[in-house]
Amino acid sequence: MEDADERYVAPGCTLCREGAKLVLFVTGRCDRGCWYCPLSGERKGTDLVFANDREVRGDDDLLEEARAMSALGTGVTGGDPLAALDRVVRYCRLLKDEFGPAHHVHLYTGRAPTEDELRTLAGLVDEVRLHPPYGDWGRVMETPYPAAIRAARDLGFAVGVEVPSLPGVEGLAPLLPLVDFLNINELEWGESSADEMRARGLELAAPLGNAVAGARDWATPLLGDEKVRFCSSSFKDAVQLRERLVRIAVNTARPFDEVTDDGTVVYGTVRPAEGVAAALDLAEGEYAVVDGALELAWDRLAAGRDAVAGEKAIVERYPNRGMVVEVTPL
């Protein structure tokens, strides 16, 4: 997040900035068709569950991912989580029971939750973040959202509005006296929304980024209010994601893995594995055999590469056996 430090910062945002929030994607279903939706084609409309990038097929998958990053909270997202309310209740209760009531949960929804829905979530969700439909921003006080905000506040929820930066975002200003915060996310170019963005004449702000040109300017009329914060695309990539990866990497790295400042892990690999440990005088715990390859500290392999045969490489990848970033043959 950006702007002055004196401004109100939602607790969910504080934990995100520290990389301490697990992202719980509970469903790809949504009854809205926002042209700017950033959801990937692989998730949009599906009824799958993910904890960060790990598919959740059972409770243990969710809890293991939360433990792997020492999560202090969870952000519940979709699709629209309220389209799978029973699932939200189940997983939030699981997280609160496992990690205690201080495990902070915030939930995004495009709907104006009913009082019954809010009562169902009370004690399980701490912070509700609403996304009124873009077409309603100029008449937002005539919609169900003000009443939903008041009901949520009366039930003890922290309540905010979180929307992408689009022309006319200043139309949400009448909600400011009712909410705890208004987060404006820099509009990002998405794989599934690219055609819609081109049709509206939008362009990237920079060739190597995801931010849409002009998005910061559209938010400017509201940035003087102490409840309003602007979250840039670069901040989410350079800080939030990196800090989450670092937490996971530190918790899951093997003794011989090197954790980088970007939260990736680096190690050496030799295939086939036979005889490598003896040739390099590796003790137990200084290596692992995975799928027929021996994995070890990259510098030990680099120093002793002439002593072993086979395919040798240095691998950099995301933690917890995540996506491979780079493979450098030795």
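Distance from the Cα centre of the range 273-330 to that of the range 12-79, in angstrom?
Rounded to whole Å, the Cα centres lie 33 Å apart.
Please give the helix 145-154 orientation as an angle from the longest Cα principal axis of the chain, in degrees from 0 to 90, rounded to the nearest 10.
Helix 145-154 sits at roughly 70 degrees to that axis.
Using a simple charge model, +1 on the beta-carbon of Lys and Arg, -1 on the beta-carbon of Asp and Glu, nothing else, what dipole does the chain show about its Cα centre, in debye to the nearest 20? Intermediate results must be reported in sequence, preceding the final value.
Numbers: 36 positive and 56 negative charges, 123 e Å.
Computed about the Cα centre, the dipole is about 600 debye.
Taking the chain as a Gaussian network, Cα atoms linked when under 10 Å apart, which of Asp281, Asp59, Asp262 shows the biggest mean-square fluctuation?
The residue with the greatest mean-square fluctuation here is Asp281.
For the chain, take the longest principal axis of its alpha carbons; what is the angle in degrees between that and the long axis of helix 242-252, to the nearest 10 within 0 to 90?
Value to nearest ten degrees: 40.
What aspartates and glutamates does Lys312 reach when the alpha-carbon gap must be under 14 Å and sequence neighbours fewer than 8 apart in one chain are set aside?
Cross-link targets: Glu274, Glu295, Asp299, Glu326.
Can you tell me which of Val159, Val276, Val49 moves the most in a GNM of the chain? Springs connect C-alpha atoms under 10 Å apart.
Val276
Under a straight-distance cross-link criterion of Cα-Cα below 20 Å, which lysines are reachable from Lys236, leaving out those fewer than 8 residues away in the same chain?
Lys21, Lys227
Only one of the listed values, [x] 17.9; [y] 15.4; [z] 18.7, was derived from the coordinates as mean projected area of the Cα convex hull in nm²; which label is it?
Among [x] 17.9; [y] 15.4; [z] 18.7, the one derived from this structure is [z].
Pull up all non-local amide H partners of Val49: gap of 5 or more, or a different chain, and H-to-H distance under 5 Å with H placed in the peptide plane.
Long-range HN contacts for Val49: Val56.
Please name whichever of Gly285, Val128, Thr269 sits farthest to the positive end of the charge dipole of the chain, dipole taken about the Cα centre and charges placed at Cβ: Lys and Arg +1, Asp and Glu -1.
Checked the options; the winner is Val128.
Is the range 256-329 best put as rounded, prolate or oblate by its Cα gyration tensor, with a ≥ b ≥ c the root eigenvalues, rounded for a/c under 1.5, and otherwise prolate when a/b is larger than b/c, oblate when not?
Working: a/c = 1.76, a/b = 1.69, b/c = 1.05.
The shape class here is prolate.
Under the rule of -39500 (n - 2.57) per DSSP H run of 4 or more residues, summed and divided by the residues of the chain, what mean residue ellipticity at 222 nm is obtained, to the nearest 500 deg cm²/dmol? Write down the numbers at each step before the final one.
Details: 10 runs with 82 residues, N = 330.
That comes out to -6500 deg cm²/dmol.
How tilted is helix 85-99 with respect to the longest principal axis of the chain? Cα atoms for both, answer in degrees (0 to 90, nearest 10).
On a 0 to 90 degree scale, this one is about 60.
So for Met323, Met69, Met197, fewest C-beta neighbours within 10 Å to most, what's the order? Don't jump to the answer; show the numbers that get you there.
On the way: Met323 8, Met69 25, Met197 18.
Exposure proxy ranking, most exposed first: Met323, Met197, Met69.
Values quoted throughout were computed directly from the atomic coordinates according to the rules given, and no laboratory measurement underlies them. In this text the structure is predicted, and so the values were computed from the model without any measurement. Every residue, glycine among them, receives a Cβ derived from its backbone with ideal geometry; neighbour counts consider all protein chains shown.
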